[in-house]
Amino acid sequence: MQEYASRLEHYTRFELVELAEASGRKLKPGDAKAAEAEAILARRKPQDWLVALDERGKSLDSVEFSRYLGKAQTGAKDLLFVIGGDEGLEDSVRQAAHLTLSLSRMTLPHRLARLVLIEQIYRAFTLLKGEPYHK
């Protein structure tokens, strides 16, 4: 994660924000999911493009993802990528999203999903800039 985060500094501002787990507050499962959704949507600014990660979302290859990233940057939009908690994302988050994106049809652990996502963001910038991908 740190390696790709430092590489991204060359292209854009990148910030990883982890919200406190609502499930740790002794809430019922459905209530925890709703509390997480509320916290996620409260962080979103009106100009942000929310991208919800969900295995039921749209699958893009790396080139398509880079085009999406380029389109989002026109008009100085910030992308807010959201990976849900243990129970996934509440419908309200997916409905508010500009895009629901699937990294895989398989369920991925959160840390692995973050790593795959940040690597793909870095790859997208190298594609947009026509630069070689540095491994």
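The values are calculated or read from the model by the stated rules, or taken from the named source; none is laboratory data. Nothing here was measured: the structure is a model prediction, and the numbers come from that model. Virtual Cβ from ideal backbone geometry, glycine too; neighbours counted across all protein chains shown.
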From the list Ala34, Ala42, Ala76, pick out the single residue that is of a type in the set (A, V, I, L, M) and either at pLDDT 95 or above or within 20 Å of Leu127 (Cα to Cα) (or both). Ala76
For Leu103, indicate whether it is more than 18 Å from Ala35 (Cα to Cα) and either without any contact (Cβ under 8 Å) to a residue 24 or more places away in the chain or under 12 Å from the mean Cα position of the chain (by Cα) (or both). yes
Within segment 49-61, which residues are surrounded by 14 or more Cβ atoms within 10 Å (Cβ to Cβ) and either farther than 18 Å from Lys77 by Cβ or among the acidic types (Asp, Glu) (or both)? Asp54, Glu55, Gly57
Per the list (1) of a type in the set (Val, Ile, Thr); (2) surrounded by fewer than 19 Cβ atoms within 10 Å (Cβ to Cβ); (3) within 13 Å of the chain's Cα centre (by Cα), residue check on Val93 breaks on (2)
Is at least one residue of segment 114-129 over 18 Å from Arg13 (Cβ atoms), within 13 Å of the chain's Cα centre (by Cα) and in a loop (DSSP other than H, G, I, E, B)? no
If we keep just the residues of segment 11-29 that are surrounded by 11 or more Cβ atoms within 10 Å (Cβ to Cβ) and modelled with pLDDT of 90 or more, which is farthest from the chain's Cα centre (by Cα)? Tyr11
